[in-house]
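To start, the structure under review is shown below, and the notes come after it.
The values are calculated or read from the model by the stated rules, or taken from the named source; none is laboratory data. It should be emphasised that the depicted structure is a prediction, and the values quoted were computed from it without experimental measurement. Here the Cβ positions follow ideal geometry from the backbone for every residue, glycine too, while neighbour counts run over all protein chains shown. For accessibility, only protein heavy atoms count, side chains too; no ligands or nucleic acids. Shrake-Rupley method; radii C 1.70, N 1.55, O 1.52, S 1.80 Å.
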Amino acid sequence: MIQHKKKIAIVLLTVFSLFFLMTFVSHGEEVVLRIGSPNMVSTANLVFDDYLPVFAHISNPPLTKMNTEGQIVGQSAKLIEVSSDNTTWTFHLNDSLYWSDGQKVTPQDVKFTIEFIAQNVPWAGWLKEGLQDISIQGPNAVVLKFKKPHTQINRDLSSYNLLPKHIWEKVESPQDYSNPGENIGCGPFYIKKVDLNAGIITMEKNPYWKGQTPQIGKIEIHLYNNVDVLSLALEKGDVDTYYRYASSYPYQNIERLKKTGRFDFVEKLNIGLYFLAFNLKRTPMSDFKFREAISYAINYPEILKLDGLDYGNLPARGFVPNSMDHFFETELLTYDLEKANRLLGEAGYIDSDKNGIREDLAGKDINLTMLVEPDYVRRSELIKYYLEEVGIKVTMKNVDESTWIALKDQYEYDITVTRTTPWGMMVHGGWGTAYFDSRRTGEGVLHIIDDPIFLGLVDGLLSTTDPGKIKELAHSVQSYYAENIPAIALYWNMIITPFNREFTGWQPDPLFGIYNIDNFVNLKKVF
Amino acid sequence: MVFPAKKVLRYIFALFFIVSLNFFLPRAMPGDPVINLLGEDFIAGKEAVEKIREELGLNRPILVQYASYWKNLLRFDFGYSYHFRARVSSLIISRLKWTFILVAPSLILGTIIGALAGSLAGWKRKSKGNTFSFLFFLFIYCSPPFFISLLLLYFFGFRLGLFPLKGFYTTGNWIDILKHLFLPVLIMTLFSASRNYMVMRGSVLQEKEKLYVWYARAKGHLEDSILFQHVFKNASLPVITLFALDFGFLFSGALFIEIVFSLNGMGTLIYQSILSRDYPVLQGTFLTISFMVIIANYLTDWIYNWIDPRVRANR
């Protein structure tokens, strides 16, 4: 019996030793960062998919990037020069960049990328129309000459990934091209595999990367179609962090994650925001006094608490959040029901028949049609409640996103609640002008302002690269918003990103949040 | 031979009508695929948008587009997806494979379990076991699929950690695939079984009152033998219809389950195409489903003929 016990003890000891040895070996393995994301990739196409290009920013870094302070600086380009007339831009390439197959990144790659984008990408039509010539200067510079002044090309090129010419020039039909296998990249990581049936994008270290060596060996992006399931995956430990372009981790799930004791949170004030937009082509929304009165009818602290769970700040009349470069301080938006009622009365919107609904200037009951997208139902319900408190009837028209786009483009609404993204706030003239300029269009573009003063400010921003002038015009745009209230910011929200405490060194930027090269080369696993 | 030929003609007419409807229905929805193509925060000039519309052929008169749709279809060309950036046919084939693996076992298992349990429940209505099975399947039948999916995922995937939370696989070996598919297949089987259970139970309840059952009993047949040798065959006709319908819709995937388990199936393909107004994908997927429903109906007719002499006699 004793002999048997000894044998059992030896077997157990051997098993445990092997187990510890395996554990030790597994500890010696490369560190994997697993990111959970609800941004579903539809096709393994580095250029045309909705979200793969965002994920590829660290494998095929664009020429420029936004730094953690919100300024546009060089990334694959080490130096950027612009001619005094703003028509010629020179990008000096970082000469220590190598593709993951060992080939050097050359100015020919940059030239090819820009020509490829201009030729093939439908939403980069501006590049095709505006670009007069592209040439290579010296050993490492690319010169872009435009037909007319182009002041924001450094910013615009921060979203287009660098493509290896020796690979993509052989692609016959780039729009159909899908490569679920290895995609050559020149960042610290490159895409090893895009497996959509597994819902995993695998990125491995670029062996030829000469910059700061990343501490993590591999990145896995796990795609989840459902945010609630993704939250469970975080809690379970299937993924280490969360990333959703231009969006925060759901505020209502934060407390639950905190209770696990395994997560910390990166908090960054969003450049994008939620807002109430008016259709300025219709009455009474075209009346400034009406809009001003509405601005006092909204209970901002309450909407911040109920919708944003207090993860944010109260907004100002200047619309643009204080996280944005060249923020200009304007009067804070305040909730004052009495003032809202008084202003409406003074403007002629009174309830003469005492039915609880104010009449417009033609004597008809005001009944505003509010266009509601599925993602904004709760916010819209709050707005409806606030407006009805001051005697303005609101009829909600719930539609899907595509219908919302169609109806807002046809101006078939009175008011709507929508959002801006960080990128949307920066493009065109910047400071949210893209959303309002009547000469532009796009999914989220309202194109409701055709006031020459506003358009003049936008044109001014589009025609200068002088930092002093840009600052002055940016302030004027925010003053314009404050004085005219074409839209009302509901609150300025925080982007909250949970992360496993085993990783430290997070460096989010205001545009892509944690999804940037500086962040991933700085991350360290501490346990 | 005249009768089947007539039937084939009827099916051909139905197919023509469906194909035309497939073209006009997506276009009747409000929304612009071109603007959807730009993405949430891409801003473009109005001329640029018109240029894209021209490239996609969406600026042409609707009848010209319709003629071109027919022309392409007759060459088995379903077109090119605006949103997925791929040929519609290859998209459908890649999604169909996994949808089939997900839905086919659920459909077969669900039909067998539902039919057997339903027939027993109808036959011995008052037994404790059958009362329990009735309540269980009624609960499943009345529950929304996403609720049951989340519930099972929470307990078995999250709490007990027995199954993964997403995807068709992680490593790709068959044990890994089985582990990933277990919960989705279980849920779909439960729903399929509950539908078949209800139909079969009701059908057996009706059949068991018929004279041939009394006659068999009078002849001294055992209860089980009466149920499975006589009643089951007659009561299963509505289940065959249901199976055929489910078979047709097999190719429409299982949207809620695909969303909860992040599965890349036909359901999410159709859903995303509707959201982005991707006309070619909508046309292609609807056509595939319609075609399968028509085939399934034709097969049902044929099975009915084979299984039920009364149908044969009425021809």
- Query: Calculated FRET efficiency, residue A:398 and residue A:228, Cβ-Cβ r, R0 35 Å, to nearest 0.05?
  - Reply: 0.95
- Message: Could you give the length gained by full extension between residue A:79 and residue A:439, i.e. 0.36 nm per residue of separation minus their alpha carbon distance, to one decimal place?
- Response: 126.3 nm
- Note on the structure: Amide H contacts under 5 Å for residue A:351, restricted to residues at least 5 apart in sequence or on another chain and with H modeled in the peptide plane, are A:359
- Note on the structure: Toy charge model, Lys and Arg Cβ at +1, Asp and Glu Cβ at -1: the protein assembly as shown dipole around Cα centroid in debye, rounded to 20, equals 4180 debye
- Query: What are the trypsin sites (Lys or Arg not before Pro) within segment A:423-527 that DSSP puts in a loop, where the Cβ has at most 15 other Cβ atoms within 10 Å?
  - Reply: A:439, A:501
- Note on the structure: Any helix of chain A counts here only if DSSP assigns it H throughout, its Cα atoms span 24 Å or more along the axis, and its mean Kyte-Doolittle hydropathy is at least 0.5, and such helices are A:2-27
- Could you give the angle, 0 to 90 degrees to the nearest 10, between helix B:62-74's Cα long axis and the longest principal axis of the Cα atoms of chain B? 60 degrees
- If you place +1 on the Cβ of every Lys and Arg and -1 on the Cβ of every Asp and Glu, how big does the dipole about the Cα centre of chain B come out, in debye to the nearest 20? 1140 debye
- Among A:526, A:510, A:456, whose Cα sits farthest toward the positive end of the charge dipole of segment A:452-527 (+1 at Cβ of Lys/Arg, -1 at Cβ of Asp/Glu, about the Cα centre)? A:526
- Task: Kindly sort A:344, A:457 by accessible area of their heavy atoms, largest first, with the probe set to 1.4 Å.
- Result: A:457, A:344
- If you plug each phi of segment A:206-216 into the Karplus form 6.51 cos²θ - 1.76 cosθ + 1.60 with θ = phi - 60°, what whole-Hz ³J(HN,Hα) values come out, in order, with x for Gly and Pro? 6, x, 9, 6, 9, x, 4, 6, x, 7, 8
- chain A, relative contact order [Cα under 8 Å, separation at least 6], %: 19 percent
- Item | Dipole-positive endmost among A:272, B:234, B:104 within the protein assembly as shown (Cβ charges, Cα centre) | B:234
- Helix-only [θ] at 222 nm, chain A, -39500 (n - 2.57) per DSSP H run of 4+, per residue, nearest 500, equals -9500 deg cm²/dmol
- Message: Given the whole protein assembly as supplied and a 1.4 Å probe, what does the accessible area of residue B:11 come to in Å², nearest 10?
- Response: 40 Å²
- May I ask you to evaluate 6.51 cos²θ - 1.76 cosθ + 1.60, the Karplus curve with θ = phi - 60°, for each residue of segment A:324-334 and list the ³J(HN,Hα) values in order in whole Hz, giving x for glycine and proline? 8, 4, 6, 5, 10, 6, 10, 4, 5, 6, 10
- Count charges around residue B:223 for me, please; just the other residues with Cβ under 9 Å from its Cβ, Lys/Arg as +1, Asp/Glu as -1. +1
- Task: Report, to the nearest whole %, how much of the accessible area of the protein assembly as shown belongs to carbon and sulfur atoms, 1.4 Å probe, protein only.
- Result: 60 percent
- Message: Let me spell out the model: positive unit charges on the Cβ of Lys and Arg, negative unit charges on the Cβ of Asp and Glu, origin at the Cα centre of segment A:418-521. What dipole size does that give, in debye rounded to 20?
- Response: 160 debye
- Summed residue charge, Cβ within 11 Å of residue A:455's Cβ, Lys/Arg positive, Asp/Glu negative: -2
- Quick one: P(r) of segment A:80-123 from all Cα-Cα pairs, 5 Å bins, percents rounded to integers, in order of increasing distance. 5, 18, 18, 21, 20, 13, 4, 1
- Work out, step by step, the length gained on full extension between residue A:388 and residue A:137: first 0.36 nm times the residue separation, then minus their alpha carbon distance; give nm to one decimal. 84.0 nm
- Task: For an R0 of 41 angstrom, estimate the FRET efficiency from the Cβ-Cβ distance between residue A:98 and residue A:502 and round to the nearest 0.05.
- Result: 0.85
- For chain B, Rg(Cα) over 2.2 N^0.38 Å is 1.22
- Item | Point-to-point label distance, residue A:302-residue B:20, nm (Cα→Cβ direction, 7 Å offset) | 5.5 nm
- Task: Take B:132, B:16 and sort them by solvent-accessible surface of the protein heavy atoms, 1.4 Å probe, largest at the top.
- Result: B:132, B:16
- Which of the residues in segment B:166-188 show a loss of at least 40 Å² in accessible area from their chain by itself to the complete set of protein chains, at a probe of 1.4 Å? B:166, B:169
- Could you give me the ³J(HN,Hα) list for segment B:218-231, computed from phi with Karplus coefficients 6.51, -1.76, 1.60 and θ = phi - 60°, whole Hz, x at Gly and Pro? 4, 6, x, 5, 6, 4, 4, 5, 5, 5, 7, 8, 10, 5
- For chain B, modelled as a GNM with alpha-carbon contacts under 10 angstrom, which of B:172, B:265, B:202 fluctuates the most? B:172
- Taking a probe of 1.4 Å and leaving out DNA, RNA and ligands, segment A:32-104 shows per residue an accessible area in Å² of 31 Å²
- Only helices counted: for chain B, with every DSSP H run of 4 or more residues adding -39500 (n - 2.57) and the sum spread over all residues, [θ] at 222 nm is -24000 deg cm²/dmol
- Can you figure out the FRET efficiency of residue B:302 with residue B:173, using R₀ = 30 Å and their beta-carbon distance, to the nearest 0.05? 0.15
- Item | residue A:213 paired with residue B:116, simple spin-label distance in nm, labels 7 Å along Cα-to-beta-carbon | 6.1 nm
- Note on the structure: Cα-based Debye curve of segment A:289-398 sampled at q = 0.12, 0.17, 0.21 Å⁻¹ gives log₁₀ I(q)/I(0) of -0.48, -0.89, -1.19
- Note on the structure: Cα extents of segment B:210-286 per principal axis, largest first, Å, are 65, 25, 13
- Inter-site label distance for residue A:171 and residue B:138 at 7 Å from Cα along Cβ, in nm: 5.8 nm
- Message: Given contacts defined as C-alpha pairs under 8 Å and at least six residues apart, what's the relative contact order of chain B, whole-number percent?
- Response: 26 percent
- Task: Could you tally the net charge around residue A:303, taking each other residue with its Cβ under 14 Å from the Cβ of residue A:303, Lys/Arg +1 and Asp/Glu -1?
- Result: 0
- Note on the structure: If the label point sits 7 Å along Cα→Cβ of residue A:357, residues of segment A:407-424 with amide N under 19 Å come out as A:413-416
- Item | Calculated log₁₀ intensity ratio I(q)/I(0) where the Debye formula runs over C-alpha points of segment B:79-233, q = 0.15 Å⁻¹ | -0.89
- Query: When the Kirkwood radius is taken over all Cα pairs of segment B:150-247, what Stokes-Einstein diffusion coefficient follows at 37 °C and 0.692 mPa s, in µm²/s?
  - Reply: 199 µm²/s
- Message: With an 8 Å Cα cut-off and a minimum separation of 6 or more residues, compute the relative contact order for segment A:291-397 in percent.
- Response: 27 percent
- Computed on protein heavy atoms with a 1.4 Å probe, what is the summed buried accessible area for the chain pair B and A, in Å² to the nearest 100? 4400 Å²
- Per residue, the convex hull volume that the Cα atoms of segment A:429-487 enclose (Å³): 72 Å³
- Message: If Rh is defined by the Kirkwood formula over all Cα pairs and Rg also comes from Cα, what ratio Rg/Rh do you get for segment A:102-141?
- Response: 1.04
- Task: Would you please give the residues with an amide H less than 5 Å from that of residue A:87, counting only those at least 5 places away or on a separate chain, with H modeled from the backbone geometry?
- Result: A:150
- Pair-distance profile P(r), taking every C-alpha pair of chain A, with 10 angstrom steps and integer %: 4, 16, 25, 24, 17, 8, 4, 2, 1, 0, 0
- Task: Pop out a list of residues from segment B:81-128 that are at least 30 Å² less accessible with all the protein chains around than in their chain alone; 1.4 Å probe, no ligands or nucleic acids counted.
- Result: B:83, B:84, B:85
